[in-house]
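Written below as structure tokens is the structure these notes are about.
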Amino acid sequence: MAIEADAWRHRADAVSSIAAFIGISIALIGGEKWRSADNWAAIFVCFVIGSIGVRLLRPALYEILDTAPRGDIVERVRELAASVSGVVRIDKSFVRKMGLSFYVDLHVEVDGDISVREGHHIAHAVKRAIQKSDPRIADVLVHIEPAKEN
């Protein structure tokens, strides 16, 4: 985010400089009749800076408010977890972005008649499968639950 914001600041500086140059040039060359060109250039610069601010505000707010990531990462996590042997279904899944990393919290349903040890092994298999799929996934917390009977 910081790098992108800095790049947009440089763009705003360039556009502002060009607009100021054009506005001042028109005002100087055009004389008294065109004096307001500088003011119009300043208003244009305000709109440029404002639009860049609005463009950068949304992703920054998403980062601060700990929103779920967009894209197919959530669906990919669910598919990977469901593909692990012993998983009956995925009950709940939460993916959060913190900094550059993702943190996953899953509720995985397994056969209710297996041992705790077997459930524990399934949880580790789910965690390994998800973490291997994407290096941005820092941690996976797997809650094992007995499968609901239909």
- Message: How tilted is helix 2-30 with respect to the longest principal axis of the chain? Cα atoms for both, answer in degrees (0 to 90, nearest 10).
- Response: 20
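Count the DSSP beta bridges whose two residues both fall in the range 65-150, then state the antiparallel fraction as a percent rounded to the nearest 5. Walk me through the intermediate numbers first.
Working: 10 of 19 bridges.
The answer is about 55 percent antiparallel.
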- Of the heavy-atom accessible surface of the chain (probe 1.4 angstrom), what whole percent is carbon and sulfur? 62
- Query: Expressed as an acute angle from 0 to 90° and rounded to the nearest 10, what is the orientation of the C-alpha long axis of helix 37-64 relative to the principal long axis of the chain?
  - Reply: 10
- Local electrostatic count, Gln131, Cβ distance below 14 Å [Lys/Arg +1, Asp/Glu -1]: +2
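Just in the range 1-77: which trypsin sites (Lys or Arg not before Pro) are loop by DSSP and have at most 14 other Cβ atoms within 10 Å?
Details: sites: Arg9, Arg11, Lys33, Arg35, Arg55, Arg70, Arg76; in loops: Arg35, Arg70.
Loop-located and lightly packed - Arg35, Arg70.
Once the other residues with Cβ under 11 Å from the Cβ of Gly119 are scored (Lys, Arg +1; Asp, Glu -1), what is the net sum?
On the way: positive: Arg117; negative: Glu109, Asp111, Asp113, Glu118, Glu145.
For residues surrounding Gly119, the net value is -4.
Students sometimes get this wrong: rank Val116, Val142 by accessible area, probe 1.4 Å, all chains present, largest first. Working shown, then result.
Numbers: Val116 130, Val142 25 Å².
Result of the area sort, largest leading: Val116, Val142.
Out of all DSSP beta bridges with both ends in the chain, state the antiparallel percent to the nearest 5. Write out the running numbers ahead of the final one.
Details: 10 of 19 bridges.
That works out to approximately 55 percent antiparallel.
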- Query: Which three lengths, in whole Å and largest first, does the chain cover when its Cα atoms are put on their principal axes?
  - Reply: 90, 29, 20
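The values are calculated or read from the model by the stated rules, or taken from the named source; none is laboratory data. This is a predicted model, so every value here is computed, not measured. Counting neighbours? That spans all protein chains shown, and the Cβs are built from the backbone with ideal geometry, glycine included. For accessibility, only protein heavy atoms count, side chains too; no ligands or nucleic acids. Shrake-Rupley method; radii C 1.70, N 1.55, O 1.52, S 1.80 Å.
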